[in-house]
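A.B. asks: Before I ask anything, let me first share the structure, which is written out below as structure tokens.
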Amino acid sequence: MSHAATTSSHDGRASNPLVGLRFYIDSLGCAKNLVDSEATLGILLSAGLERSATPEQAELLLVNTCGFLEAAREESVQRILELAQLKAYGRARLLAVLGCLVSRAPEELAEAIPEVDVWLPAGAHAELDVRLRHILAARPASPLQLATDRSGSGRAPLGAFAGFGARVLMTPSHTAYLKISEGCSNTCSFCSIPLMRGTQRSRSIESLVRESEGLAACGVRELHLVAQDLTHYGFDLPGRPDLLDLVRALAGVDGIEWLRLLYAHPSHFTPRMLQHLFETPKVVPYLDIPVQHASARILRAMRRPYTPARVRAQLHALRSRQPEITLRTTVIVGFPGETEVEFGKLLRFVEEMRFDRLGVFAYSREPGTPAFDLRGRPRRHTVARRMHELVELQLHLAGQRSAQRVGTRTRVLVDCRLDAAAMAAEAGGACARGAVAVGRSAAEALDIDGAIYLDGDVGVLEPGTFVDVEITRADVYDLRGRLLRAPSNA
Ligand code: SF4
């Protein structure tokens, strides 16, 4: 650090107390929350703050929280308390808490954890630097504006997209999440997200193309499109463009090679999308489409307006059009009133549909949701047994599907090289041991799916490049592959 710089940061601090302030940020919860954290990161750096890799070295501590389920709220509160400890005994003098947990219970939290200086609900991250400046100037902060009112009637605020054009990625630099809308206008009876994030607000195709061009210029090759309901994109925009219109526009962005679709909703997955989405250039044959259950009565009680028969027909049609498609879904076990017969329907449905990826969740009774007062929740041990049966079934099915990939050839996006340290950190089992790099094919999304561990000339396995690989070994979710050809374009 040169003297001149020191002088200027001191001068800068005199006029703007944020300049040179070292901050640390933690991002909890889902990929959509991570995008907010990345935007917050960009806003703070452009306000002159400096990022600290560890909380111990920071003067300002930030955590972007999740409030979706009981377990997520507990994790968020635990992290806030840990950072409050650091503020009490360490170098930090400011603690800011953002995100969904704040949207759920701002006053109660502020009363319970007075060590926190700034509380900002989901969608209000653009206010952060102003709030911090007020505090540092010892001026009283203006009252907290919730992104939506508690009844969930408010639309997601426009400010929810603040800083998206200048995000600082927290993902590997060649892959990124693209949040195409905020909030949700569905009314699933078990879900608190509309209460925290408001009803849906879609971003314009122009702003999404612009952001994607910016990301591509920084080396991003893969975009994971995320939203609460990807397939409801655009219903609130003039001219009602849909997801297909959007991906066709994004396919024209130079440098972006893969477009991956996460969080589709069976009700809004139209025949037009089914027919054309996966024939659009760059859209990888991968779809995450939470079905939640396979009993018509339970789906009605969940306020999921589709039938098991419709989903079955959609998925079979998708598979006949795209035999190599990877299907990911999520199901909830233990919804109030779920009988053994209805659970049996779900088990048989999962067996029939043979999903490549399956997330199994226990029903969580969420305050403020329509299902909160429903009676007849199965006992805890019954739910645990049902979850175990489903997970065991899926491990068997996924193992079979993975084994079928041995001997096949696939294109892999290299995520990182594996030195000893990285190897030690790798969770991968036998497939990882001794590999020189790790990556993903079209069948693996970032973070939520397995990975492909690579053998070959480490020199050519550059993160962010595409390589041709032969699969040589399969665990349930992780695979091993040997390099066939050096990098090429996708
Ligand atoms: S689609 Fe349903 S489960 Fe998903 S965020 Fe919206 S209300 Fe919640």
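The values are calculated or read from the model by the stated rules, or taken from the named source; none is laboratory data. All of these numbers come straight from a predicted model, not from anything done at the bench. Every residue, glycine among them, receives a Cβ derived from its backbone with ideal geometry; neighbour counts consider all protein chains shown. Please note that ligands, DNA and RNA were not included when accessible areas were found on the heavy atoms of the full protein model with its side chains. Shrake-Rupley method; radii C 1.70, N 1.55, O 1.52, S 1.80 Å.
A.B. asks: Filter segment 266-288 for residues that are within 17 Å of Val311 (Cα to Cα) and touching a residue at least 60 places away in the same chain (Cβ under 8 Å); which is farthest from the ligand (Cβ to nearest atom)?
C.D. replies: Tyr286
A.B. asks: Considering each of Arg210, Arg260 in turn, give the residue that is open to solvent by 40 Å² or more (accessible area, probe 1.4 Å) and within 21 Å of Val35 (Cα to Cα).
C.D. replies: Arg210
A.B. asks: Can I ask one more? With the structure loaded, tell me whether Thr187 is open to solvent by 30 Å² or more (accessible area, probe 1.4 Å) and either within 16 Å of the ligand (Cβ to nearest atom) or touching a helix residue (DSSP H, G or I) at 6+ places or on another chain (Cβ under 9 Å) (or both) or whether it fails that test.
C.D. replies: yes
A.B. asks: Would you check which residues across segment 21-58 are among the small types (Gly, Ala, Ser), farther than 19 Å from Ile193 by Cβ, open to solvent by 10 Å² or more (accessible area, probe 1.4 Å) and outside any helix (DSSP H, G or I) and list them?
C.D. replies: Ala47, Gly48, Ala53
A.B. asks: Among Arg354, Arg365, which is the only one that is within 16 Å of the ligand (Cβ to nearest atom) and open to solvent by 30 Å² or more (accessible area, probe 1.4 Å)?
C.D. replies: Result of the check over Arg354, Arg365: Arg365.
A.B. asks: May I ask you to list pairs of residues, at least six apart or on different chains, whose Cβ atoms are under 6 Å apart, with the first in segment 330-343 being assigned by TED's automatic domain parsing to the domain that holds His265 and on the phi < 0 side of the Ramachandran plot and the second being of a type in the set (Ser, Thr, Tyr) and assigned to a loop (DSSP other than H, G, I, E, B)?
C.D. replies: Ile332/Tyr363; Phe335/Tyr363; Glu342/Ser295
A.B. asks: Quick one: Ala301 ticks every box in (1) under 23 Å from the mean Cα position of the chain (by Cα); (2) of a type in the set (A, V, I, L, M, F, W, C); (3) open to solvent by 20 Å² or more (accessible area, probe 1.4 Å); (4) within 16 Å of the ligand (Cβ to nearest atom) bar one, so which box is it?
C.D. replies: Status for Ala301: all satisfied but (1).
A.B. asks: Still on this structure: Looking at segment 70-122, which of its residues are part of a loop (DSSP other than H, G, I, E, B) and not β-branched (Val, Ile, Thr)?
C.D. replies: Selection gives Gly90, Arg91, Ala92, Arg93, Ala105, Pro114, Glu115, Asp117, Ala122.
A.B. asks: Let me ask something additional. Among the numbered criteria (1) part of a helix (DSSP H, G or I); (2) more than 9 Å from the ligand (Cβ to nearest atom), which one does Pro194 miss?
C.D. replies: Here Pro194 meets the rest and fails (2).
A.B. asks: On the basis of being more than 10 Å from the ligand (Cβ to nearest atom), closer than 20 Å to Thr330 by Cβ, touching a residue at least 40 places away in the same chain (Cβ under 8 Å) and open to solvent by 10 Å² or more (accessible area, probe 1.4 Å), does Tyr233 make the cut?
C.D. replies: no
A.B. asks: So in segment 289-298, with the set limited to residues that are within 16 Å of the ligand (Cβ to nearest atom) and assigned to a loop (DSSP other than H, G, I, E, B), which one is farthest from the chain's Cα centre (by Cα)?
C.D. replies: Among those residues, the one meeting the criterion is His293.
A.B. asks: Mind checking which pairs have a first residue in segment 28-49 that is assigned by TED's automatic domain parsing to the domain that holds Arg131 and a second that is among the hydroxyl-bearing types (Ser, Thr, Tyr) and open to solvent by 20 Å² or more (accessible area, probe 1.4 Å), Cβ under 6 Å, 6 or more apart or different chains?
C.D. replies: Leu34/Ser27; Ser37/Ser27
A.B. asks: Considering Leu327, Leu315, which residue is open to solvent by less than 10 Å² (accessible area, probe 1.4 Å), away from the ligand (no atom under 16 Å from the Cβ) and either charged (D, E, K, R) or without any contact (Cβ under 8 Å) to a residue 40 or more places away in the chain (or both)?
C.D. replies: Leu315
A.B. asks: Can you pull out the residues in segment 232-258 that are among the aliphatic types (A, V, I, L, M) and under 29 Å from His293 (Cβ atoms)?
C.D. replies: Leu243, Leu244, Leu246, Val247
A.B. asks: Only residues that are under 22 Å from the mean Cα position of the chain (by Cα) and modelled with pLDDT of 90 or more: list them for segment 129-154, please.
C.D. replies: Passing the criteria: none in range.
A.B. asks: Look at segment 236-265 and say how many of its residues are within 16 Å of the ligand (Cβ to nearest atom), touching a Ser or Thr at 6+ places or on another chain (Cβ under 7 Å) and either under 17 Å from Leu277 (Cβ atoms) or not in a loop (DSSP other than H, G, I, E, B) (or both).
C.D. replies: Looking only at that region, the number is 3.
A.B. asks: Looking only at segment 266-279, count every residue that is outside any helix (DSSP H, G or I), in contact with a helix residue (DSSP H, G or I) (Cβ under 7 Å, 6 or more places away or on another chain) and open to solvent by 10 Å² or more (accessible area, probe 1.4 Å) and tell me the total.
C.D. replies: Residues meeting the conditions: 0.
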